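Take a look at the structure set out below.
The values are calculated or read from the model by the stated rules, or taken from the named source; none is laboratory data. Not measured: the values here are computed from a predicted model. Using ideal geometry, Cβ is built from the backbone for each residue, glycine included, and neighbour counts are taken over all protein chains shown. Only protein heavy atoms, including side chains, enter the accessible area calculation; ligands, DNA and RNA are left aside. Shrake-Rupley method; radii C 1.70, N 1.55, O 1.52, S 1.80 Å.
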Amino acid sequence: QNISENNMSAPITKALIYGGKTGWIGGKVATMLKEQGAEVVLAEARCENRADVAKELDDVKPSHVFMAAGITGRPNIDWCEDHKPDTIRTNVIGTLNLADLTNERNIHCTIYATGCIFKYDDAHPLGSGIGFTEEDTPNFDESFYSQTKGYMEPMLKCYPNCMILRVRMPISDDLIHRNFITKIVKYERVVNIPNSMTVLYEMLPASLAMAKKGLTGVYNFCNPGVISHNQCLDLYKKYIDPTYTYKNFTIEEQSKVLKAGRSNNELDSTKLMRDMPEGIVINDILTAVELCMQRMQKNLTEEFGPLPDSLPKEFRKN
């Protein structure tokens, strides 16, 4: 979609954030926007309540809306398998409400969506470097979470005001339970598969720059390239806990302990890098995760004291 056609380029003067009060990514977006001098309003309305959202949009009159509300389940997406109506209410009805109502009012809407709607296949083999593009049709529906996200995307594409960001396995430079690295550090065993991932420290500021530029349509929202679970954990060992050990198991073994399948894929970053506003630095994923671990080392040492002995005990396996 040509940006000049919809001409949504504008400074972010007033941002309304759904998922900003309790959400992980929404909270980070709110903090960044405040630092940039924007007026930030954390949405009160629940996005599934259409009338409430409409009223909120008309009362607040935001220049930009950021949709970061979504159900991922606790402790993980297996929860969605047993809570299908709840999952649909937020991930489908809520997101469509927001897309539709912002479009009616010609407000740019950034949607933090997911790239966990693909899996490696014959045309995109693991290790080939051939990633799925923004035009590819989702081919992964082995979890209810991914199913809902997969049929949402073609609908969201119909709204000319929406920028849909395919986030994958988001990584932050702290030990929050939502951080992909925190999750896999706590697992007894991990699979070892290269994947596209999103380092939030680099990518969230990029999303704000993209919103200001008025970009719309779907974007693979990951750092370029792939990184495997073992590569992530080896960097964790290098910077955070040299005593840490991990064990691998196969996808077949993993499937015995999970209710739902997990998406593994590489997403092509060509379009993202082509349209990226000037001055935004996006590193390849290996560099980005290494820099992230260096920041994490500094953050944790400041918070807890010398590593690894000062780490919270759930992170110490030995």
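Sub-6 Å Cβ pairs linking a first residue in the range 67-95 that is touching a residue at least 24 places away in the same chain (Cβ under 8 Å) to a second residue that is open to solvent by 60 Å² or more (accessible area, probe 1.4 Å), at least 6 apart or interchain, are GLY73/TRP79; ASP78/LYS259; GLU81/LYS259, ordered by first then second residue.
Among residues belonging to the range 254-283 that are charged (D, E, K, R) and surrounded by 14 or more Cβ atoms within 10 Å (Cβ to Cβ), point out the one that is farthest from GLY131 (Cα to Cα). The qualifying residue farthest from GLY131 (Cα to Cα) is LYS259. Taking the range 208-228 as the search range and keeping residues that are open to solvent by 10 Å² or more (accessible area, probe 1.4 Å) and assigned to a helix (DSSP H, G or I), which one is nearest to ASP173 (Cα to Cα)? Looking at the filtered set, the residue picked out is ALA209. Close Cβ contacts (under 8 Å, 6 or more residues apart or on different chains) running from residues in the range 189-211 that are farther than 13 Å from ASP284 by Cα to residues that are open to solvent by 10 Å² or more (accessible area, probe 1.4 Å) and aromatic (Phe, Trp, Tyr) comprise ARG189/TYR246; ARG189/PHE249; VAL190/TYR246; VAL190/PHE249; VAL191/PHE249; SER207/TYR112. Can you confirm whether THR250 is farther than 26 Å from HIS124 by Cβ, open to solvent by 40 Å² or more (accessible area, probe 1.4 Å) and among the β-branched types (Val, Ile, Thr)? Against the criterion (farther than 26 Å from HIS124 by Cβ, open to solvent by 40 Å² or more (accessible area, probe 1.4 Å) and among the β-branched types (Val, Ile, Thr)), THR250 does not qualify. Annotation: of all residues in the range 110-146 being part of a helix (DSSP H, G or I) and touching a Phe, Trp or Tyr at 6+ places or on another chain (Cβ under 9 Å), the one that is surrounded by the fewest Cβ atoms within 10 Å (Cβ to Cβ) is SER146. For GLU153, indicate whether it is among the charged types (D, E, K, R), out of contact with any helix residue (DSSP H, G or I) (no Cβ under 7 Å at 6 or more places or on another chain) and closer than 17 Å to ALA68 by Cβ. So GLU153 fits the description; yes.
Within the range 168-187, how many residues turn out to be open to solvent by 10 Å² or more (accessible area, probe 1.4 Å) and β-branched (Val, Ile, Thr)? The qualifying residues number 1.
Only residues that are assigned to a loop (DSSP other than H, G, I, E, B), among the charged types (D, E, K, R) and either within 27 Å of the chain's Cα centre (by Cα) or buried (at least 17 other Cβ atoms within 10 Å of the Cβ) (or both) were counted across the range 284-315, and they come to 1.
Matching residues to (1) out of contact with any strand residue (DSSP E or B) (no Cβ under 7 Å at 6 or more places or on another chain); (2) among the β-branched types (Val, Ile, Thr); (3) under 20 Å from ILE130 (Cβ atoms):
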{"site": "PRO154", "(1), (2), (3)": "yes, no, no"}
{"site": "LYS157", "(1), (2), (3)": "no, no, no"}
{"site": "VAL167", "(1), (2), (3)": "no, yes, no"}
{"site": "LEU175", "(1), (2), (3)": "yes, no, no"}
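Taking TYR159, is it at pLDDT 95 or above and either open to solvent by 30 Å² or more (accessible area, probe 1.4 Å) or within 26 Å of LEU16 (Cβ to Cβ) (or both)?
The answer is yes for TYR159.
Using the structure shown, decide if VAL199 is of a type in the set (A, V, I, L, M, F, W, C), out of contact with any His (no Cβ under 7 Å at 6 or more places or on another chain), under 28 Å from PHE315 (Cα atoms) and open to solvent by less than 10 Å² (accessible area, probe 1.4 Å). Criteria met by VAL199. One residue stands out among those in the range 229-243 that are open to solvent by 30 Å² or more (accessible area, probe 1.4 Å) and assigned to a helix (DSSP H, G or I): the one that is nearest to PRO125 (Cα to Cα), which is GLN231.
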